[in-house]
1. Do you know which residues across the stretch 166-209 are outside any helix (DSSP H, G or I) and without any contact (Cβ under 8 Å) to a residue 24 or more places away in the chain?
2. Among the residues of the stretch 314-331, is there at least one that is more than 16 Å from ligand 2 (Cβ to nearest atom), under 19 Å from the mean Cα position of the chain (by Cα) and either part of a loop (DSSP other than H, G, I, E, B) or surrounded by fewer than 18 Cβ atoms within 10 Å (Cβ to Cβ) (or both)?
3. What are the residues in the stretch 65-101 that are under 24 Å from Y131 (Cβ atoms) and in contact (Cβ under 8 Å) with a residue 12 or more places away in the chain, if any?
4. Looking only at the stretch 259-285, count how many residues are within 16 Å of ligand 2 (Cβ to nearest atom) and touching a Pro at 6+ places or on another chain (Cβ under 8 Å).
5. Please verify whether E342 is of a type in the set (D, E) and within 16 Å of ligand 2 (Cβ to nearest atom), treating the condition exactly as stated.
6. Tell me, please, whether a residue that is within 28 Å of D48 (Cβ to Cβ), within 16 Å of ligand 1 (Cβ to nearest atom) and among the aromatic types (F, W, Y) can be found in the stretch 206-228.
7. Would you be able to say whether some residue in the stretch 99-116 is more than 16 Å from ligand 2 (Cβ to nearest atom), touching a helix residue (DSSP H, G or I) at 6+ places or on another chain (Cβ under 8 Å) and of a type in the set (D, E)?
8. Which condition number in (1) of a type in the set (V, I, T); (2) within 16 Å of ligand 2 (Cβ to nearest atom); (3) at pLDDT 95 or above is the one that I302 fails?
Amino acid sequence: MSTRRFSRALVVNRNLQFLNNDLMVMAKETKKHPKAFIEYMKFIVMHDNFKDMPDAYCNSGDVQWATPSNRSSGKFKDSHRKREIWWQKKAMQLGIEVDEGNAWKNRTAKVNHPTKMKPCVICGKIMDLRYSYANKNLIRRIQNLSYFDKSFTIEYPEHILSLIKRLFEMYGNRIFEDLPALLKTSSIETPLLEPNLETWLDWIGKKYIPAEPSMLSPGAMSNVPDRFDGFHNYNICCRSKADKGRSKENLQSYNTDRRAFEYWVDGDWVAADTLMGLIRNKKFQEEPCLNGHRGPCTADHIGPISLGFSHRPEFQFLCRECNSAKNNRMFLSDVVHLRNAEYIGDTVASWYCKALWDLRKDYVVDEETAHRLGKLLRDNRHTMMTMLNLIVSRGHFTFLSTLLGLSYADYDVYFDNLRIEAHITRFDRLLKKRRVTKYATEQKARRVRVAFQALSDYTDKGKRNALVISSDAVMRKIDNAFEILDQVPPTLYGNSELAFLLSKGNPSEEKLRLAVKLIPGPTDEPKNYIDAKLQIKDAVAIIAKKFSDMWTDDRYIRPSFTDDI
Ligand SMILES: [Zn+2]
Ligand SMILES: [Zn+2]
């Protein structure tokens, strides 16, 4: 159920009746407000809870909904102050202590509100004013669930009850084991409840939401005494539009594919993430799966990210079942598609798997050989992550960061004539527009943080079944690279700062942003970096050759081999 329908249902349950009366003639500017908002204003102004609101009407007879604090003259220059006093009295009536801060205003606005539901002035969506929408904290926790995958779309804002219901529909009973940890806050101990949906929804509705947990946000922020009802006109759904730039970043980051950062893959990640976000758009939700199944579908990278294929703005539509069946395997159709994409000029394989891909891509003639190439690429990836960690251990953080394609973040992208053809995304042109530096820097810092964190997690996990290729020839090349890199003073290009920040578990986002600004872009990299990359490229080529020579090895042909990706 969508949030919107969910909220409507609540409204009906509360027998909310908007009044229709002829007292109200709304000011001209309200004409463009959604009908729901205009009805809501009428309802509030007539409601007993707002009785005796000072200066309720303008001279024209219109409702005086807003009383800004900056009026210096005119009949209503004191309205703001008068209403502040009205709210103070209201607080006292309701037994709420009026103190220095704003907490009493939030509290009073909420307690006084007759329905606790309010439409948004921009989109008309009716939302719950109580703390009931999953915020960034909770979304992050959900995304960290071991079984969470990108086929589960987290909408923002989504009511917690609807979100828990959808998690249950998607992942079944196992969510009950995780709910206590998901919902826990420093002030709320989650109880041991029966593992069933009704019990949990009941507890969340009756206990958790009223406790105003830090995992949830209210549908609208209070704005006493500026607005008649004590709330901002826009709800959190449109906060980014009303309050430009503030939460746009947060919303967009939900669309990023973390795995592209974790596996250090190439590709225009900003374009790919943007496209991924667009696919989640309602317009494409009905699109059937590649194998003809009904949607909603997930955006599948045709070449798996986890094997080192690029994060490119091209996806095929797979339903959830087909997506989990694919499970990072390579199919013949995938390989054929990727070869064709290369033929027209796309870069499909990242720098660390291109050599191996090039050596063996033409040997793929059936499902078995496609799968076999996938297994080789998987071991190749293990080897590369090990190599990257070796470079980390020598402290070359800035150098490594130049492998992350950070400069893609300098542009916003637009797709000209985006459409779906044969279950694959298509567009005529990719248009780019330079972005504000602040947003670009935030995106870059995030990519750097996630990428280095993933590397350190990668070693911690100690992959079973991994085959890592190493040889004297490889080590010689890497040593050459170190020799070249060691000549760059560690204080240059923010390397010391990055090394310090990224060695910590949870680096300060602000300091990281400053350090990231010092990372050279593709056109101003020092010669040492370029030379070191050539050495590393040689090492990659040697490794690729060794894997390629194992094409007929038992390890890769044996059918019982299980994927542990
Ligand atoms: Zn809205
Ligand atoms: Zn399917």
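The values are calculated or read from the model by the stated rules, or taken from the named source; none is laboratory data. From a predicted model like this one, the values you see are computed outputs, not experimental measurements. Cβ: placed from backbone, ideal geometry, glycine included. Neighbour counts: every protein chain shown.
1. Step one: filter the stretch 166-209 for residues outside any helix (DSSP H, G or I), giving 172-173, 184-196.
Within the stretch 166-209, G172, N173, K184, E189, T190, P191, L192, L193, E194, P195, N196 meet the criteria.
2. Yes, some residue in the stretch 314-331 is more than 16 Å from ligand 2 (Cβ to nearest atom), under 19 Å from the mean Cα position of the chain (by Cα) and either part of a loop (DSSP other than H, G, I, E, B) or surrounded by fewer than 18 Cβ atoms within 10 Å (Cβ to Cβ) (or both).
3. The answer is W87, K90, A91, L94, I96.
4. Taking the stretch 259-285 first, the residues within 16 Å of ligand 2 (Cβ to nearest atom) are 279, 284-285.
Okay, now just the ones that are also touching a Pro at 6+ places or on another chain (Cβ under 8 Å), so 285.
So the count comes out to 1.
5. Working: of a type in the set (D, E): yes; within 16 Å of ligand 2 (Cβ to nearest atom): no.
The answer is no for E342.
6. no
7. no
8. Going through (1) of a type in the set (V, I, T); (2) within 16 Å of ligand 2 (Cβ to nearest atom); (3) at pLDDT 95 or above one by one, I302 breaks only (3).
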